[in-house]
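**Q** Supplied in structure tokens, the structure appears directly below.
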Amino acid sequence: MTNRYSRLAAALLTIVITAVTAAAQVTADKLQGRILQADTEQPVEFANVLLVGTALGTTTDADGAFALDLADQPLGGDPELEVSAIGFTTVRVPAFAKTPGTALAIRLRPSDTQLQTVEITGRRETGYRNTQSFSGTKTATELKDIPQSIGYVTKELALDQAAFRVNDVVRNVSGVNQFSFYNDITIRGFRVAGGNTSGNLVNGLRAYTSFWRQQLIPNLERVEIIKGPASALFGNASPGGTINRVTKKPLTETRRSITTTVGTFETFRTLADFTGPLSTDKRVLYRLNLGYENSGSFRDLQFNKNLIVAPSISYLASESTQFNVDLVYTDAKGRLDRGQAVFGNGDLSSVPISKSLNAANDYLDEQSINATLSLRQQLAPGLSFNSSFLYSSYDEDLQEHRTANTYAALGDGTRSETKVEMRVFIRKREFFNSNFNNYLNYDLKTGPLGHRLLLGYDYFEQQQLPGGSQLQARGYLSADRTSVINSYRVANRDRFALDAAGNPIPNVPHFDLTDPTANQIRDLTKYLYATDVYPQYKLRSHGIYVQDQVKYGPVQLLLGLRRDYYADLVNYETAEETSVQQEAWLPRIGAVLTVSPQVNLYGTYVEGYQPQESASLNDPNAGGPFRPLESDLVEFGAKSSLLDGRLSVTAAVYQLRETGTLYPANDPERPDLLLQTGAERSRGVEFDAIGRLSSSWNLVASYAYLEAEITDGGALEVVGRQKPNAPRHSANLWTKYSLAAGRLKGLGAGVGVQYVDERFGSLVADEANPPLFPSYTLLDGALYYAAERFQLQVNASNLLNRTHWVGGYDYLRAFPGAPRMVTTTISFLF
């Protein structure tokens, strides 16, 4: 009997030891070791290590290492270590090896009950590399097992690059480029812009975002780019891809940091990040992110005053029930920058890149709120219910002087080379979104097949509230100066008021590109205005979707189908209310083949659609209504984990097709007129590598070759033309190395190189000779010094001070990139 109990005890001890791996040894006064993941052999950072029965405890570093000072610490019996970390099973193991000097081999194993299907608590990983995505499949899935390319940028990479906005960081991802100054990006040649519902998510839910302001990142854990249409999961989606902003969630361990940045162009930013438990049992967790910016710009009259407040509370009621409440409030003040205008001959160097068209009394004030409530309920082993609700609101208060998209009219019917025709907007609008998402995850087996089933329903609603309207001043004064005529025609010159030189008198004075005082305060009471009322609208979409991730040996299949319903109600709650209804079946098929523990091959086919929304669908000035966008993606690739899992590499080749794109017609008499092309095709090759070459050497590299062409131009003669702001070649490299030992320990350096090929602007500005923005290569650099709870860094972007343009519409709206900029950042951990 005794032997049987002994064997049972030995078996139980073996189970405990195989649940955890660490290398630990004791000296006379110190206990040291490492905590590793059992499945990947990767270090577990921020694991909690406690010497049971004492107050001694610590957390592991980036290499999973820890050290406990045993000096003057009485130890009796057989002391144990308790090791815990988010997402792993908590274990207790003997603190010392039986044989002095030998390593104690223990591994932490993932806990099935702690794996999240929605993000309730924070990401346990740190560094540039991320291994899981929740948005790619609406399940916690390893990126290598998703048959689609998903790019990302973590908060650690953003900090090292001193980045503050989404546009600053997405350049690290292949195939992603800036389109303009705005919240406006191209992915695989297709535009993803703020202000619509098709390409911007917060925690996997649709949020209303400003089109004018690039999104801030102080409260973000990471930015994800889901490439290709994500319609099978989310309904209407941009064909190029979807940007998902993942907010920081509470952690079970206490962390506090304050970061301050000062630099060129009067840059000042300060950030705070606090997290930890609110209760002794660590069931109630909190996180609070604060950010403030008061910065200038290389552009005349431009500035940014931003405040962001982002609290988050998680309640871990039990192993089965978890809640999270997440709030992000942003207040942004500045001016709307419509870009650089140059002389009519198209010479980009004819006007300084600093020249803006604003008046000194222009302004743009915006406020937004995103409030998210998430629930995860474990119903049974392998079965969980997930529910999320997002309320999103956006207020806009705008006064601006801007180009009328043409040069000043002269009396003889020609156009000025140096003066720009102007118009004024005074506008107020308010929007809100509601997004409700519910789904079941069920893991089961049928014979040799493993299944991860997903069944869900979501509802989305967006509404423009009453009162949305603007005053617009534009055009030329009539002969009696009591009314306005939008466009000057020399054949009718007697209908216009003329100056002494015989030129028509504008309602809003022209902007003289040669006048150094042209940005002066303007008296807006002297203009004649027309009132534009934005009809109330409400759009709704809802869908039912099902997905099965099937695993059989080395083969994984992803089969998904969604039925989506979309309704657009214009002139909402008025006698003129009209409704546009659309429906779509949206399939998704993918396969992953594991050819070795380090390499997965994948292929996918996805269909997508994107209804034209109220701004263009029913606007008579735009020339609508327009048919919806329809798209499909075929993609093949490989995902590899190299250097013992420290480096992730993805290579992809794809073809993406879309029909129904809208382009500005650039009609001087109808500035809001849009044209709809017949079809477009994007084909390309992409490469991404991200991770660590060693414990001290981090790397991010990407390259994209892109053919994004018009294949059916409709009324436009642009067939075969590369799409706007879609470079054929683009590449990015960022690497950071830090000394880990010696007298210079903590000293590091970073180097970055970015290349973007030449790009067309608007194809309809001049179909025969569209605007062309030149290629550019930028060099960035950084120096770091890190101590235990302190880091000082100096970042220099565009070190060689290259003049370049990140995008543009035409030669009246070009978007120059910033010249050399140097910032100093100090970060404290306490």
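The values are calculated or read from the model by the stated rules, or taken from the named source; none is laboratory data. Small disclaimer: the values here were computed from a predicted structure and weren't measured. When we count neighbours, we look across all protein chains shown, and the Cβ atoms used for this are built from the backbone with ideal geometry, even at glycine. Note: areas computed on protein heavy atoms with side chains; ligands, DNA, RNA excluded. Shrake-Rupley method; radii C 1.70, N 1.55, O 1.52, S 1.80 Å.
**Q** Please name all residue pairs, on different chains or six or more residues apart, with Cβ atoms under 8 Å, provided the first residue is in segment 132-153 and is without any contact (Cβ under 8 Å) to a residue 12 or more places away in the chain and the second residue is hydrophobic (A, V, I, L, M, F, W, C) and not in a loop (DSSP other than H, G, I, E, B).
**A** Taking only residues 6 or more apart or on different chains, the pairs are Gln132/Leu143.
**Q** Within segment 221-243, does at least one residue satisfy the condition of being touching a residue at least 12 places away in the same chain (Cβ under 8 Å), in a loop (DSSP other than H, G, I, E, B) and over 30 Å from Val546 (Cβ atoms)?
**A** Within segment 221-243, none of the residues are touching a residue at least 12 places away in the same chain (Cβ under 8 Å), in a loop (DSSP other than H, G, I, E, B) and over 30 Å from Val546 (Cβ atoms).
Results for (1) under 30 Å from Arg540 (Cβ atoms); (2) among the hydrophobic types (A, V, I, L, M, F, W, C), shown as yes or no for each residue.
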{"residue": "Tyr407", "(1), (2)": "no, no"}
{"residue": "Ile426", "(1), (2)": "no, yes"}
{"residue": "Asn438", "(1), (2)": "yes, no"}
{"residue": "Asp494", "(1), (2)": "no, no"}
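**Q** Tell me, which residue of segment 258-281 that is charged (D, E, K, R) and surrounded by 15 or more Cβ atoms within 10 Å (Cβ to Cβ) is farthest from Ile120 (Cα to Cα)?
**A** Arg269
**Q** Cβ-Cβ below 9 Å, separation at least six or inter-chain, first residue in segment 337-357 and on the phi > 0 side of the Ramachandran plot and in contact (Cβ under 8 Å) with a residue 24 or more places away in the chain, second buried (at least 18 other Cβ atoms within 10 Å of the Cβ) and assigned to a loop (DSSP other than H, G, I, E, B): which pairs?
**A** Hits for this filter: Gly339/Ser180; Gly339/Phe181; Gly339/Ser356; Gly339/Leu357; Gly339/Leu812; Gly346/Pro771; Gly346/Tyr811.
**Q** On to the next question. Does any residue of segment 160-178 turn out to be open to solvent by less than 20 Å² (accessible area, probe 1.4 Å), without any contact (Cβ under 8 Å) to a residue 60 or more places away in the chain, of a type in the set (Ser, Thr, Tyr) and not in a helix (DSSP H, G or I)?
**A** Scanning segment 160-178 turns up no residue that is open to solvent by less than 20 Å² (accessible area, probe 1.4 Å), without any contact (Cβ under 8 Å) to a residue 60 or more places away in the chain, of a type in the set (Ser, Thr, Tyr) and not in a helix (DSSP H, G or I).
**Q** I've got another one for you. Of these, Ala207, Ala237, which one is in contact with a helix residue (DSSP H, G or I) (Cβ under 8 Å, 6 or more places away or on another chain) and crowded, with 24+ Cβ neighbours inside 10 Å?
**A** Ala237
**Q** Can you work out which of the residues in segment 43-64 that are of a type in the set (S, T, N, Q) and surrounded by 19 or more Cβ atoms within 10 Å (Cβ to Cβ) is nearest to Ser695 (Cα to Cα)?
**A** Thr60
**Q** Could you please give the count of residues in segment 777-804 that are of a type outside the set (Asp, Glu) and either open to solvent by 20 Å² or more (accessible area, probe 1.4 Å) or farther than 21 Å from Asn172 by Cβ (or both)?
**A** Counting residues in segment 777-804 that are of a type outside the set (Asp, Glu) and either open to solvent by 20 Å² or more (accessible area, probe 1.4 Å) or farther than 21 Å from Asn172 by Cβ (or both) gives 17.
**Q** Do you know which residues across segment 438-489 are touching an Asp or Glu at 6+ places or on another chain (Cβ under 7 Å), open to solvent by 50 Å² or more (accessible area, probe 1.4 Å) and assigned to a strand (DSSP E or B)?
**A** Arg452, Leu453
**Q** Looking at segment 675-713 only, could you name the residues that are farther than 19 Å from Ala651 by Cα, open to solvent by 30 Å² or more (accessible area, probe 1.4 Å) and not hydrophobic (A, V, I, L, M, F, W, C)?
**A** Within segment 675-713, Gln676, Arg681, Ser694, Ser695, Glu709, Thr711, Asp712 meet the criteria.
**Q** Where in segment 493-608 are there strands (runs of 3 or more DSSP E), lying wholly inside it, with at least 2 residues that are open to solvent by 80 Å² or more (accessible area, probe 1.4 Å)?
**A** By residue number, 530-533, 537-552, 578-596.
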